[in-house]
Amino acid sequence: MRRGFWLRYLGRRLLAAVLALFGVAVIVFVVTRLLGDPVELILGQRATPEQAAQLRAKLGYDDPLPQQFVRYIGDLVQGDLGVSNYTQRAVTDEIADRFPATLELALAGMFLGLLWTIPLGVLAAQRPGGWVDRVSRAIAEFGLAIPNFFFGLLLILLFAYVLGWAPAPVGELDIGATPPPRVTGMVVVDALLAGDLSTFSSALKYLALPAITLAVTSCPPILALTRTSMITALRGDYVRSARAFGLPQRTVRWYALKNSLVPVLTMSAMTFGFLVGNTVLVETVFSWPGVGLYSVQSMQRFDYAPVLGVVLLGSAIYILVYLLADLISMAIDPRVREGQT
Amino acid sequence: MSVAQTQSRSVLAGIADDPLLDISGLVVETGPQRAPVELLRSIELAIPRGARVGVVGESGSGKSMTASAILGVLPDGVRARSGTIRFDGRDLTTLPEREMRRIRGGEISLVSQNAVASLNPLMTVGAQIAKVCREHTGVSKQEAWARTVELLDALGIPEPDVRARSYPHHFSGGMAQRVAIAMALICSPQLVIADEPTTGLDATIQAQVLEVIDGSVKASGAALLLISHDLAVVRAMCDIVAVVYAGSLLEYGPADEVLNRPLSPYTQGLIRCMDPPEGEIAFIPGRIPEPGTLGAGCPFAERCEQATDACRAQQPALRQLRPDHWVSCHHE
Amino acid sequence: MSAEPVSAAAWTPARVGSRLRPLLTPYWALLLLFALVALLAPLIAPYDPIQADLEAKLLPPSSAHLFGTDENGMDIFSRVLYATRTDLVVAVLGVAFAFVVGVPIGAMCGYLGGWLDELFNRTSEIVQSIPLFLFALMIFAALGNSKTILVVVVAIVNIPIFLKLTRSVVQPIKNQDYIAAARLAGQPTSRIVLRHVLPNTLGPIVSQASISAAYAIQITAGLAFIGLGVELPHPEWGSMIQQGAPFIMDGDWWVSVFPGLAVLLAVVAFGGIGRQIARRYDR
Amino acid sequence: MSSRVDDRPLLDLRGVRKTFAPRGRRARRTASAVAAVDGVDLALHAGTTTALVGESGSGKSTLARLIVRLHDADEGTITFDGQEIQALDEKAFRPLRRRVQMVFQNPLTSFDPSQTIGASILETMRLAPDDEPEQERLGRLLSEVGLSPRFAGLRPRQMSGGELQRAGIARALSVRPDLVVMDEPTSALDMSIQGQVLELLADLQRRHRLTYLLVTHDLRAVRMMADRVVVMYLGQVVEEGPTEAVFGDPRHPYTRGLLYAYDLSGRDEERDRDVRIRGSLRTPRPGDVGCRLVGRCPLSAQRCGEPQALAELGPGHRARCWRAAEGQIAGDRQPHATTDPTDLGELT
């Protein structure tokens, strides 16, 4: 592809992403400033009217809305997400400390999720209605139906309490254990980088259950889509024609797989973006020190600035990952490249 | 595919000494075993070496299903219950999959109706054709690519080396059909099956594509099995015509015999519809039967003016009433 | 929780009677059970759901307490029965609200297209790019923590789903010849949408409504698990699961497990019905 | 086929032009708007059948939809029975709705799958209420098109293509129209069934003195049905006239090429060189004013770059080609491709 085309297309897609994020910011502004009362947000219900009026003036909430909006966007652009009432630290820093933990969990959950959904989806498509198909659909339906936090509790009950294979859900490492030197902020990765195998294996043990929870409860849509797009591909004209030209079964299957990859990829990206937002409950169950737990704790402490910060972060990740999937599917499918579909 | 072993040659085999392909008593069905729906009730066919055989039939006649049966690529849930398909001395219905794969694309190739849909949208057309070539001939990548470009050029695609690197959705109907023909001829097969190759194309484009098929198949010396619902296309391209209706062969013979002195009332009706007498509107009354709704008798009985109780009771056997001219009808 | 929309299908109210008979499958039976429990909870429940009993703390399941008791000595079986009311009502109300808002707007966008369609489509895409749970947190943060806000959250989350589904199902129908024929019969756009467009789209929409209700129950339970949309001590499945969490490691599993199973069964019921309707009207 | 031609045409199109803004972001910026119908004059006389013939992209279907006002033209006038219909708002146009009806190409999608055939026909029938009880009128209509009244209770998917097309005709007739526009009424049907529908249409025309506009790419149907034929190419009328004249003595190279491609029987060297249409469709660039067949026409020459007018060649027989106007293309006298390719210069 000509270099110029790629850069122009990338530029356009990035602009669309930024606009989408701006849209999210607008929604957050509308919900928090217009629908709710921002001062009550910050001071909580116990504030006296005088305190409220004084704060309203100080923070400029009496200014006309457009002016407030410009200031709000200005802060956002500089990465200023406000200050946490509880810890008086900048929300940006608080999030920066905790985000790697969420990312690590999301990546692990996604990795395990893809590991079981895509192969099963492909196998189920070989013989629709066969036992593999029925079993995988039953698992998928179960994974979709069961609330992830409840599934997490069941895993803890079985593996931690009954079998004792997994540690109690206290976080990323044993209480009191010294975390590895912080490089990426992801304990498992940092432990590996520091070559500290015992911490690495312990961190893995802590990561296992929450990651499995996400893999089982968030990824079934990927299995469903892999199955349907593989079935459509296998019944496609070009697969029949490939068979009619005597191409070996594995080539035929590769044709079908590659063609069903594009929709599966988009769905996986959406699931990952979705997963990051979805860790709120799983982190709560496993006391996993990520932005999800942080947003819940902030809610319980009526400390709302962090919550809005995490909302923007979660949306930004969703939009970014969606863009990534778009670019990858562009590389795979020429029709997407030329805006045909 | 386990099919009842009937080694008998097709009754039509007499049309040439040792025809390249002959089908006898082919029955294809779908639906549950206990209540099967017959898509092909009794298909006979014979294709002499290097000949041009046209299979003409309306919707539901099973003409495309016959092509799938020959290549052994029947869709899921559809199976050949009985009958033999002898190709170059071998019964395709009993060949092991590995050997059958060598024949598909190597000795019998297929040009399907919607060329763009029959090509992998994620691969360049050149790569796909070269892949088929290498699969059957084992030549090097460069050699396969060279043959591909050369064949695309011979089939009238401008700037073949550039177009070979573009994707299926870049091709218009007419050009895409040329790509499909190239893929079918790249391994110089003995038989080319063209399943409705120009249906859906505008008349001017259809004429161009038919000319390309005519020239290229003649040059390769392969036999042609042309399947179409349009009698005019079959008349223009073929020297032998087989008329099928609701899964059964009704008439088979040399083109000028079948088209000028048709024996089956159905063929007579079709010809009248194709070339209606001046100022007249020709048609065949009644409705095209749905698969599985036919009784024991002749499938056309319900719409045939000359139908008698005998026609409704029992399907007429194929009888040879003229040299190389067979018909399935009680009344001739 | 993005259920992919299903393809367009025909469904007419006139013949619902004959179509419903084959629907009496386990899923419907399960739903009926939940509906009955929601209605008759006061009659069935052996104990007062919010009556603490300090001597009967954390008792395992027994004939006296079918599902055992929680750390305040309240009977879990009675609380699960009463909780059915809150969870089902919130889910059904929220989805109904989203249905009433999302479907007509989606139909209009799909049918008329133009800048209106562009506006609604962009907005719903942006709303959907905010991860669901964080979106819920934001709304609770802004509007305060009460049950009505929970219904609002469920509604707002589902409006874009209905809007985009209806739009994607209506668009192909708009170009069908029978719509042109209706225009040639002098029918105004409104009658065309009501008489020709909607009947051909209700199949997939109704199935989505049921699937959305299933997820609404999950969302409700999830939010309650982190203390949102709940007015303690009123029983609600999610908060009951949360109450039992600390005792899991002590082996007192029943406090969380029974309300959890209730949520699972309710979601399976609604989800199953949704998929069943989709399959029935795909043919 | 009555050939009486009264003075004022039932329908008169003058300079009709319809441009579709290309859909999708990418197309809107690059290609300019494409004129699907580009300055068409057309006259339909009461009681006759006029065929509108052309390949895909010719604009024949768009023209048909303009006439029944499913779309409105950007330029030009459409006069029905002396009244310019585009100026009327929907309410004022409503009485005329009854007089112009349409039969669609694909029978399977021309009926609402969620209701019975009877309900669909009643919906149109109510446009022209009369004192005959509806159910009786419905039954009479169905039998008039060869369907038993019990079909009224069936759903579209319980009927065959041919039967649905008959029901479509019954629906169009239910309001006693004057003009019936038929968009490829037989192309979705099998050959043995097509004749049934055409026979029915001819019979109904005789009984109710209907005027037909038959839009089709099937020249066989034109020969059977049409008094006049109008050949379109890329949004323009390139030749029109009585069917015998246009088919017997085609003057425009495109018509000749179409007929030659269509008959498939005899291929010969000379006609291949002088008559056959080459290459594939090329949408015109906005600046093009000349003949749009350039590059595909075997007789392209320098003068083809200039605007071509529809020249009178005989009674009601016109063609848009300077060679035809100068009598170079007539019946037996086939001009040879005298021009050498270099002469074409930048045209191709």
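Full extension of the segment from D:Ala128 to D:Arg206, taken as 0.36 nm per residue of separation minus the current Cα-Cα distance, would add 25.9 nm.
For the stretch B:1-100, the list of trypsin sites (Lys or Arg not before Pro) that fall in a loop by DSSP and count at most 12 other C-beta atoms within 10 angstrom reads B:Arg34.
Starting from the stretch B:247-311, pick out the GluC sites (Glu not before Pro) whose DSSP state is loop and whose Cβ has at most 16 other Cβ atoms within 10 Å.
Numbers: sites: B:Glu251, B:Glu257, B:Glu278, B:Glu280, B:Glu302, B:Glu305; in loops: B:Glu278, B:Glu280, B:Glu305.
The qualifying sites are B:Glu278, B:Glu280, B:Glu305.
Taking R0 as 30 Å, what's the FRET efficiency between D:Asp7 and D:Glu244 from their Cβ-Cβ distance, rounded to 0.05? It would help to have the intermediate numbers written out before the result.
Values: r = 22 Å, r/R0 = 0.75.
Given R0 = 30 Å and the Cβ-Cβ separation, E is 0.85.
For peptide A:139-152, the mean count of partner chain Cβ atoms within 10 Å of a residue's Cβ comes to 6. Across all directions, the average projected area of the convex hull around the alpha carbons of the protein assembly as shown is 58.9 nm². Across chain D, the convex hull enclosing all Cα atoms gives 155 Å³ per residue.
Diffusion coefficient of the stretch A:114-249 by Stokes-Einstein, Kirkwood radius over Cα pairs, 37 °C, 0.692 mPa s: 185 µm²/s. The distance separating the Cα centre of the stretch B:237-269 from that of the stretch A:152-186 comes to 79 Å. Placing dummy labels 7 Å off each Cα toward the beta-carbon, the span from A:Ser198 to A:Asp62 is 6.3 nm. Model label sites at C:Asp250 and B:Asp76, defined 7 Å from Cα along the beta-carbon direction, differ in position by 5.3 nm.
The spacing between the stretch D:108-145 and the stretch B:76-92, judged by their C-alpha centroids, is 49 Å. From largest to smallest, the equivalent ellipsoid semi-axes obtained for chain B from the alpha-carbon gyration tensor read 34, 23, 18 Å.
Take the Cα radius of gyration of the stretch A:53-148 and divide it by 2.2 N^0.38 Å, with N its residue count; two decimals is plenty.
Numbers: Rg = 23.9 Å, N = 96, 2.2 N^0.38 = 12.5 Å.
Rounded to two decimals, the normalised Rg is 1.92.
Cβ crowding within 10 Å ranks C:Val92, B:Val233, B:Val78, B:Val55 as B:Val78, C:Val92, B:Val233, B:Val55, fewest other Cβ atoms first. Note on the stretch C:53-153: Rg/Rh from C-alpha atoms, Kirkwood Rh, equals 1.23. Of the trypsin sites (Lys or Arg not before Pro) in the stretch A:144-240, the ones in a loop by DSSP (not H, G, I, E or B) with at most 16 other beta carbons within 10 Å are A:Arg182, A:Arg235. In this rough spin-label picture, where each label sits 7 Å from Cα along the Cβ direction, the A:Tyr86-D:Glu90 distance is 5.7 nm.
Mind jotting down a quarter of the surface of the convex hull over the alpha carbons of the stretch D:208-253, in square nanometres, one decimal? Intermediate results must be reported in sequence, preceding the final value.
Numbers: hull surface 14.8 nm².
If you wrap the Cα atoms of the stretch D:208-253 in a convex hull and average its projections, you get 3.7 nm².
Here's the picture: charge each Lys and Arg Cβ at +1 and each Asp and Glu Cβ at -1 in the stretch C:184-283, and of C:Leu198, C:Trp253, C:Ala209 the one pushed furthest to the positive end of that dipole is C:Leu198. Pairs of C-alpha atoms in the stretch D:273-330 farther apart than 20 Å represent 28 percent of all such pairs. Residues in the stretch D:194-211 carry Karplus couplings, in order, of 3, x, 4, 5, 5, 4, 4, 4, 5, 4, 5, 5, 5, 6, 10, 6, 8, 10 Hz; the curve used is 6.51 cos²θ - 1.76 cosθ + 1.60 with θ = phi - 60°, and Gly or Pro positions show x.
Compactness of chain A is given as radius of gyration and Dmax, 23.7, 83 Å, from Cα positions.
Over every pair of different alpha-carbon atoms in the stretch B:75-197, take the mean of 1/r and invert it; report that Kirkwood radius in Å. Can you show the working numbers first?
Details: mean 1/r = 0.0654 Å⁻¹.
With all distinct Cα pairs of the stretch B:75-197 included, I get 15.3 Å.
Entry note, chain A: relative contact order of 24 percent, from Cα contacts under 8 Å with a spacing of 6+ residues. Where Lys and Arg each count +1 and Asp and Glu each count -1, what net charge lies around A:Arg127 among other residues with Cβ under 15 Å from its Cβ? Here the count lands on +3. Here C:Tyr281, D:Tyr233 are placed in order of increasing Cβ neighbour count within 10 Å, fewest first, which gives C:Tyr281, D:Tyr233.
Rounded to a whole number of µm²/s, how large is the Stokes-Einstein D of the stretch D:62-141 at 37 °C and 0.692 mPa s, given Rh as the Kirkwood radius over C-alpha pairs? Before the final figure, lay out the partial values.
Working: Rh = 14.7 Å.
For these conditions, the coefficient is 223 µm²/s.
If R0 is taken as 30 Å, the Cβ-Cβ distance between D:Glu312 and D:Gln83 corresponds to a FRET efficiency of 0.60.
The coefficient of translational diffusion for the stretch A:154-214, derived via Stokes-Einstein from the alpha carbon Kirkwood radius under 4 °C and 1.567 mPa s, stands at 109 µm²/s.
Run through the DSSP bridge list for chain B and note the antiparallel percent, rounded to the nearest 5.
Details: 28 of 49 bridges.
Antiparallel bridges make up about 55 percent of those DSSP assigns within chain B.
Between the stretch A:262-338 and the stretch A:64-105, the C-alpha centres lie 17 angstrom from each other. How are the C-alpha pair distances of chain C spread across 10 Å bins, as whole percents from the shortest bin up? All Cα pairs, binned at 10 Å, distribute as 7, 25, 29, 21, 12, 5, 2, 0 percent.
Using only the Cα atoms, what convex hull volume per residue in Å³ does the stretch A:241-341 have?
Details: hull volume 12.3 nm³, N = 101.
Roughly 122 Å³ of hull volume per residue.
Each residue of the stretch A:221-233 was assigned a 3J(HN,Hα) from its phi angle through the Karplus curve 6.51 cos²θ - 1.76 cosθ + 1.60 (θ = phi - 60°); the sequence is x, 5, 5, 4, 6, 4, 4, 5, 6, 5, 4, 4, 5 Hz, with glycine and proline shown as x. The convex hull defined by the C-alpha atoms of the stretch C:142-253 has an orientation-averaged projected area of 10.1 nm².
Among the listed pairs C:Lys174/D:Lys91; A:Lys258/B:Lys141; B:Lys63/D:Lys60; D:Lys60/D:Lys91; A:Lys258/B:Lys131, those with a Cα-Cα distance over 24 Å are B:Lys63/D:Lys60; D:Lys60/D:Lys91. Rounded to 0.05, the FRET efficiency of the C:Ala35 and C:Leu261 pair, given R0 = 25 Å and the Cβ-Cβ distance, is 0.90.
Each value in this text was obtained by applying a stated rule to the coordinates, not by laboratory testing. Everything numeric in this text was worked out from a predicted model, so none of it was measured. Every residue, glycine as well, gets a Cβ built from its backbone with ideal geometry; the counts of neighbours run over all protein chains shown.
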